Amino acid sequence: MKILVCVKQVPDTETRIKIGSDKKSIDATDINWILNPYDEYAVEEAIQIKEKQGDTIVTVISVGPERSVSALRTAVAMGADEAILVKTDDDAYLDSLAVAKALVSVIKELEFDLILCGKQAVDDDNLQVGPMVAELLELPCVTFIADLKLENGKATAKREIEGGTMVIETSLPAVLTAEKGLNEPRYPALRGIMMAKRKPIDERQLQYIEPKIDVVSVEYPPTRKGGKIVGEGAEAVPELVKLLKEEAKVI
Amino acid sequence: MSLNFDLPEEAVMIRDSVRDFAENVIRPKAKELDDQEKFSPEITKQMGELGLFGFCIPEELGGNGCKYLSYMVAVEELARVDGSQAATVAAHNSLGIGPIYFFGNDEQKQKYLPQLCTGEKLWGFGLTESEAGSDAGGTKTKAEKQNNDWIINGSKIFITNASSDACLGVTVQAITGSRADGKKEYTCFLVEQGTPGFEAKTMHEKMMWRASITSELFFENCRVPDANLLGKKGEGFHQMLDTLDRGRLSIAAMGLGCAQGAYELALKYAKERKQFGKPISTFQANAFKLADMATEIEAARYLLYRAAWLCDQGRNEYKKLSSMAKLYCSEVAHRCVDHAVQIHGGYGLMKEYDIERFYRDQRLLEIGEGTSEILRLVISRQIGCYEK
Ligand SMILES: Cc1cc2nc3c(=O)[nH]c(=O)nc-3n(C[C@H](O)[C@H](O)[C@H](O)COP(=O)(O)OP(=O)(O)OC[C@H]3O[C@@H](n4cnc5c(N)ncnc54)[C@H](O)[C@@H]3O)c2cc1C
C-alpha cells in the first residue's frame with residue numbers, strides 16, 4: 001500500500017507570537033518550529049497501518065520554506081519512508097488553494113492508495129487544505145476522523161459529531177483528515193532520528209501560484225478588561241442579569 | 001569563520017523528542033515516585049524504547065551512535081523535569097555501559113551491550129567504598145587469583161543502578177596486588193547479579209533521587225572467571241579516571257537541566273503570584289534573581305556544550321573542561337534552586353510544589369562523581385597551581 005501524508009511546519013503552540021512589522025504576518029524570529037500537531041496524528045496513523053499490514057510505503061509531503069525540512073525529518077524519524085519538500089520562498093504568502101495546488105502537482109506524479117492530512121494547521125486554522133486536495137483530485141474526502149479501519153479496499157472512519165459518533169465508509173483512494181484522539185503519536189526515537197539524518201529529502205522548487213485571497217491585517221486579541229463586581233448574594237442577581245443583557249450582550 | 005553556536009540538527013531533534021517525553025510521561029509521575037521512593041521499571045522501559053540508553057554506542061552493538069553533545073542535551077532535558085530519571089539515564093550510559101564499551105573485549109561487549117542498550121537491564125559502576133570516597137585510592141576491596149578464577153572480597157556503597165531485578169550486574173574495582181613502584185594495583189571486574197558470594201542491597205531513606213536506585217554491594221569469596229576481567233590486569237585506576245572524566249559531563253548536564261527547570265518554575269510562579277497588588281516578578285529583588293539565574297544558565301550551557309564538543313572531536317582538553325563544567329553547572333544549579341525556593345516563599349517548602357523536589361535533588365550534584373572540593377583540586381592541578 002502507498003500512503004501519502006501532507007504535513008506543515010508550524011510554530012510551537014507554546015511560542016509567544018509576535019506580529020511582524022508589516023502587520024500582516026507573524027515575526028519568525030525566536031520561533032520554535034514543530035510538525036503541526038494534527039499532522040502528527042496523520043503520520044502516526046500511516047505508520048501504524050504500515051506496521052500492521054507491512055509492505056507499505058509512507059511518503060510525507062510538505063509545501064513550505066527551506067526550514068520545513070525539519071518537520072519532514074521529524075515525520076521520517078517517527079517512521080515515514082520518504083519525504084518531499086515543495087520549496088517556497090521564505091516570505092511567500094500562499095493561501096490554502098495555492099498550497100493544495102502545489103501539493104496536487106506533486107501527488108499527481110505519485111502512486112497512492114490513501115492520503116492523510118491533519119484536520120487543520122494550528123497556525124492559520126483554515127481547515128481547507130485537505131478538502132481542497134480531495135476536490136482537485138476528485139477524490140472522496142472524510143474530515144475530522146477519530147478512528148480508521150482499512151478492509152477490502154475500503155476505509156471505515158469514525159467522526160465525533162455534536163452529541164454522537166458518525167461512521168463513514170469510503171472507497172479508496174480517498175483523502176482523510178485527522179482529528180485529535182485518532183491515535184497516540186509516538187515520540188521520535190533516537191534510532192529513527194539518526195536514520196532520518198541520513199535520508200535524503202526530495203526538494204523541488206514551487207512553481208509560483210498566485211494567491212486568490214490576501215491577508216489584510218493580523219491583530220492581537222483584545223486584552224481582557226478587569227471584571228466588575230455588581231453586588232453580593234441574591235440581591236445582585238437582577239442587576240447582573242440586566243448588565244449581561246444590555247452591556248455585555250451575552251444573554 | 002567556523003565558530004557556530006547552533007546545535008546540530010541531530011541534537012535539536014533529540015531535544016524536542018526528549019522534552020515532549022519528559023513533559024508528558026515523566027512530569028505527571030515524578031512527584032508520586034519521589035514520595036514513595038519508588039524506581040519505575042515502566043518509565044525505564046519507555047526511556048529504553050526512546051533510545052536513551054546506549055547513546056554513543058554503535059548501532060551494531062544495539063546503541064544509537066549519537067554524538068556526546070546529543071547525549072548531554074537529552075540528560076539536560078530529563079533533569080529539567082526530574083533528577084531521578086536523569087540519574088538513571090546518566091549513570092547507566094556513563095558508568096554502566098561506558099566502561100564495558102570502552103574497555104571490554106568483543107565477547108564482553110556482545111554479551112552485555114545489546115541488552116543494556118535497550119534498557120531491559122541496568123549496570124552499575126562500583127568504585128566508592130565506606131572508607132574510600134573522595135580518596136578512591138583508599139579502596140579495600142580485593143581480588144585474588146585462584147587458578148583461572150578471581151576471588152573478590154569487600155564492599156561498595158552508594159552505587160547507582162546496581163540492585164533489584166532491574167540490574168544485570170556491576171563493574172567493580174578491586175586491588176589485585178602492587179605495582180613495580182610499590183603502589184597498589186587496581187583491576188576492574190564484571191560481576192553478574194546472582195553470582196554466589198555477591199549481594200546487592202537497595203539503599204533507602206535518601207533525601208534526593210528518590211526514584212533512582214542506589215545500592216550497597218557485598219562480596220564474600222565471590223568467584224568470577226578470568227573472562228570477567230575488564231581490559232587488562234592493573235588498568236583499573238586508569239579506567240576509573242577515564243570513566244569519571246566522561247561521567248562528569250553527564251552530571252554537569254544534570255546540573256544544567258536542574259537549573260533550567262528551577263528557573264522556569266520560578267519565572268512562571270513569580271509572574272502568577274501577586275502581592276501588594278502586583279505580580280512578584282515585578283519587584284526588583286525577584287526580577288534580579290531571575291536575571292542572574294538566566295545569565296548563569298546561559299554561561300553554564302556553553303561551558304558544558306563546549307566540553308562535550310571537544311569530547312566529540314576526540315580532543316583531550318575536554319578533560320579539564322569536563323571538571324569545570326561539572327563544578328560550574330552543579331553550583332549554578334545550587335544558586336538557581338535556592339533563588340527559586342525563595343521566590344516561591346512558603347509554598348516552595350511544600351511538597352505540593354515541584355521546586356521542593358528540585359531543591360533536594362540538586363544537592364547530590366555537588367557531591368557525586370567528585371565533590372566540588374575535589375573538582376577544585378583537580379582543576380587547580382590541571383592549571384598548574386602546584387607546579388614549582
Ligand atoms: C546518590 C548517590 C549515587 C552515587 N553513585 C555512585 C556510583 O554509581 N558509583 C560510585 O562509585 N560512587 C557513587 N556515589 C559516591 C560518590 O561519588 C561519593 O559520595 C563521593 O565521591 C564523595 O565521597 P564521600 O561521600 O565518601 O565523601 P568524603 O570523601 O568523605 O568527603 C566528605 C567531605 O570532605 C571533603 N573532602 C574530602 N577530601 C578532601 C580533600 N582532599 N580536600 C578538600 N576537601 C575534601 C569532601 O569534598 C566532602 O565535602 C554516589 C553517591 C550518592 C550519594
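Taking the options B:Asp165, B:Asp181, name whichever one is at pLDDT below 95, among the charged types (D, E, K, R) and under 30 Å from B:Arg360 (Cβ atoms).
B:Asp165
Within 16 Å of the ligand (Cβ to nearest atom), part of a helix (DSSP H, G or I), under 24 Å from B:Leu365 (Cα atoms) and within 14 Å of chain A (Cβ to nearest Cβ) - does that describe any residue in the stretch B:63-75?
The answer is yes, given that some residue of the stretch B:63-75 is within 16 Å of the ligand (Cβ to nearest atom), part of a helix (DSSP H, G or I), under 24 Å from B:Leu365 (Cα atoms) and within 14 Å of chain A (Cβ to nearest Cβ).
Can you tell me which residue in the stretch A:121-148 is farthest from A:Glu169 (Cα to Cα), limited to those that are under 16 Å from the mean Cα position of the chain (by Cα) and open to solvent by less than 30 Å² (accessible area, probe 1.4 Å)? Break it down stepwise before answering.
Step one: list which residues in the stretch A:121-148 are under 16 Å from the mean Cα position of the chain (by Cα), which gives A:121-134, A:141-146.
Adding the requirement that they be open to solvent by less than 30 Å² (accessible area, probe 1.4 Å) leaves A:121, A:130, A:133-134, A:142, A:145-146.
Numbers: A:Ala121: 25, A:Gly130: 18, A:Val133: 19, A:Ala134: 16, A:Val142: 9, A:Ile145: 11, A:Ala146: 13 Å.
So the residue we want is A:Ala121.
State which residue is surrounded by the fewest Cβ atoms within 10 Å (Cβ to Cβ) when the search covers only the stretch B:49-61 and only residues that are touching a residue at least 24 places away in the same chain (Cβ under 8 Å) and more than 10 Å from every other protein chain (Cβ to nearest Cβ).
B:Leu61
Need the failing condition index for B:Ser134 against (1) polar (S, T, N, Q); (2) open to solvent by 70 Å² or more (accessible area, probe 1.4 Å); (3) outside any loop (DSSP other than H, G, I, E, B), just the number.
Only one criterion in (1) polar (S, T, N, Q); (2) open to solvent by 70 Å² or more (accessible area, probe 1.4 Å); (3) outside any loop (DSSP other than H, G, I, E, B) is unmet by B:Ser134, namely (3).
Let me spell it out: the conditions are (1) away from the ligand (no atom under 16 Å from the Cβ); (2) open to solvent by less than 50 Å² (accessible area, probe 1.4 Å); (3) among the basic types (Lys, Arg); (4) within 22 Å of B:Asn221 (Cβ to Cβ), and B:Lys145 meets all of them except one. Which number is the exception?
Of (1) away from the ligand (no atom under 16 Å from the Cβ); (2) open to solvent by less than 50 Å² (accessible area, probe 1.4 Å); (3) among the basic types (Lys, Arg); (4) within 22 Å of B:Asn221 (Cβ to Cβ), only one is false for B:Lys145: (2).
Considering each of A:Ala80, A:Ala98 in turn, give the residue that is surrounded by 24 or more Cβ atoms within 10 Å (Cβ to Cβ) and farther than 15 Å from A:Asp123 by Cβ.
Every option except A:Ala80 fails the conditions.
Inspect all residues belonging to the stretch B:149-161 and state whether any of them is away from the ligand (no atom under 12 Å from the Cβ), away from chain A (no Cβ under 14 Å), surrounded by fewer than 21 Cβ atoms within 10 Å (Cβ to Cβ) and part of a loop (DSSP other than H, G, I, E, B).
No.
Please go through the stretch B:76-90 and give me each residue that is β-branched (Val, Ile, Thr) and away from the ligand (no atom under 14 Å from the Cβ), ordered by number. Full working, then the answer.
Keep residues of the stretch B:76-90 that are β-branched (Val, Ile, Thr), which gives B:81, B:88-89.
Listed by number, the list holds a single entry, B:Val81.
Just need a number here: residues in the stretch B:110-131 that are more than 16 Å from the ligand (Cβ to nearest atom) and surrounded by fewer than 21 Cβ atoms within 10 Å (Cβ to Cβ).
6
Each row is one residue, and each column tells you yes or no for (1) at pLDDT 95 or above; (2) assigned to a helix (DSSP H, G or I); (3) closer than 21 Å to A:Tyr187 by Cβ.
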{"position": "A:Ser21", "(1), (2), (3)": "no, no, no"}
{"position": "A:Tyr38", "(1), (2), (3)": "yes, yes, yes"}
{"position": "A:Ile47", "(1), (2), (3)": "yes, yes, yes"}
{"position": "A:Thr59", "(1), (2), (3)": "yes, no, no"}
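Output the qualifying pairs, or none if there are none: Cβ atoms under 7 angstrom, residues six or more apart or on different chains, first residue in the stretch B:151-163 and under 12 Å from B:Thr139 (Cβ atoms) and in contact (Cβ under 8 Å) with a residue 40 or more places away in the chain, second residue open to solvent by less than 10 Å² (accessible area, probe 1.4 Å) and near the ligand (Cβ under 7 Å from one of its atoms).
Note: pairs meeting the criteria are B:Lys156/B:Gly126.
Taking the criterion of being in the same structural domain as B:Ile280 (by TED's automatic domain parsing), without any contact (Cβ under 8 Å) to a residue 24 or more places away in the chain and either surrounded by fewer than 22 Cβ atoms within 10 Å (Cβ to Cβ) or away from the ligand (no atom under 16 Å from the Cβ) (or both), would at least one residue in the stretch B:322-329 satisfy it?
no
For the stretch B:26-45, indicate whether the set of residues that are more than 14 Å from chain A (Cβ to nearest Cβ), open to solvent by less than 10 Å² (accessible area, probe 1.4 Å), aliphatic (A, V, I, L, M) and out of contact with any Phe, Trp or Tyr (no Cβ under 7 Å at 6 or more places or on another chain) is non-empty.
Within the stretch B:26-45 (the criterion being more than 14 Å from chain A (Cβ to nearest Cβ), open to solvent by less than 10 Å² (accessible area, probe 1.4 Å), aliphatic (A, V, I, L, M) and out of contact with any Phe, Trp or Tyr (no Cβ under 7 Å at 6 or more places or on another chain)), the answer is yes, since at least one residue qualifies.
In the stretch A:176-196, which residues are closer than 21 Å to B:Asp16 by Cβ, touching a Pro at 6+ places or on another chain (Cβ under 9 Å) and either more than 9 Å from chain B (Cβ to nearest Cβ) or surrounded by fewer than 20 Cβ atoms within 10 Å (Cβ to Cβ) (or both)?
Matches in the stretch A:176-196: A:Lys180, A:Pro185.
Does B:Asn93 meet the test of being closer than 23 Å to B:Ala11 by Cα, open to solvent by less than 30 Å² (accessible area, probe 1.4 Å) and within 13 Å of the ligand (Cβ to nearest atom)?
Numbers: closer than 23 Å to B:Ala11 by Cα: yes; open to solvent by less than 30 Å² (accessible area, probe 1.4 Å): yes; within 13 Å of the ligand (Cβ to nearest atom): yes.
Judged against the criteria, B:Asn93 is a match.
Out of the stretch A:31-50, which residues are away from chain B (no Cβ under 14 Å) and free of Cβ contacts under 8 Å to residues at least 60 places away in the same chain?
Of everything in the stretch A:31-50, just one residue is away from chain B (no Cβ under 14 Å) and free of Cβ contacts under 8 Å to residues at least 60 places away in the same chain, namely A:Lys50.
For the stretch A:197-242, what are the residues that are in a loop (DSSP other than H, G, I, E, B), open to solvent by less than 70 Å² (accessible area, probe 1.4 Å) and more than 14 Å from chain B (Cβ to nearest Cβ)?
Hits for the stretch A:197-242 are A:Leu206, A:Ile209, A:Pro211, A:Val215, A:Ser217, A:Val218, A:Val230, A:Gly231, A:Gly233.
Restricting attention to strands (runs of 3 or more DSSP E) lying wholly within the stretch B:176-295, give those where 1 or more residues are within 30 Å of B:Arg315 (Cα to Cα).
Qualifying strands (runs of 3 or more DSSP E): B:184-192.
Check off (1) surrounded by fewer than 16 Cβ atoms within 10 Å (Cβ to Cβ); (2) within 16 Å of the ligand (Cβ to nearest atom) for B:Gly345 and give me the number that stays unchecked.
(2) is the only condition that B:Gly345 fails.
Identify all residues within the stretch B:155-195 that are farther than 21 Å from B:Ile213 by Cα and touching a Lys or Arg at 6+ places or on another chain (Cβ under 7 Å); write none if there are none.
B:Ala174, B:Ile175, B:Thr176, B:Ser178, B:Glu185, B:Thr187, listed by residue number.
Could you give me the residue pairs with C-beta distances under 9 Å whose first residue belongs to the stretch B:346-374 and is under 13 Å from B:Asp35 (Cα atoms), whose second residue is more than 16 Å from the ligand (Cβ to nearest atom) and not in a helix (DSSP H, G or I) wherever it lies, and which are 6+ apart or on separate chains?
That search, which allows pairs on different chains as well, returns B:Asp354/B:Val81; B:Glu356/B:Met350; B:Arg357/B:Lys351.
The values are calculated or read from the model by the stated rules, or taken from the named source; none is laboratory data. Nothing here was measured: the structure is a model prediction, and the numbers come from that model. Note: ideal-geometry Cβ built from the backbone for every residue, glycine included; neighbour counts use all protein chains shown. Just so you know, the surface numbers come from the protein's heavy atoms only, side chains and all, with ligands and any DNA or RNA stripped out. Shrake-Rupley method; radii C 1.70, N 1.55, O 1.52, S 1.80 Å.
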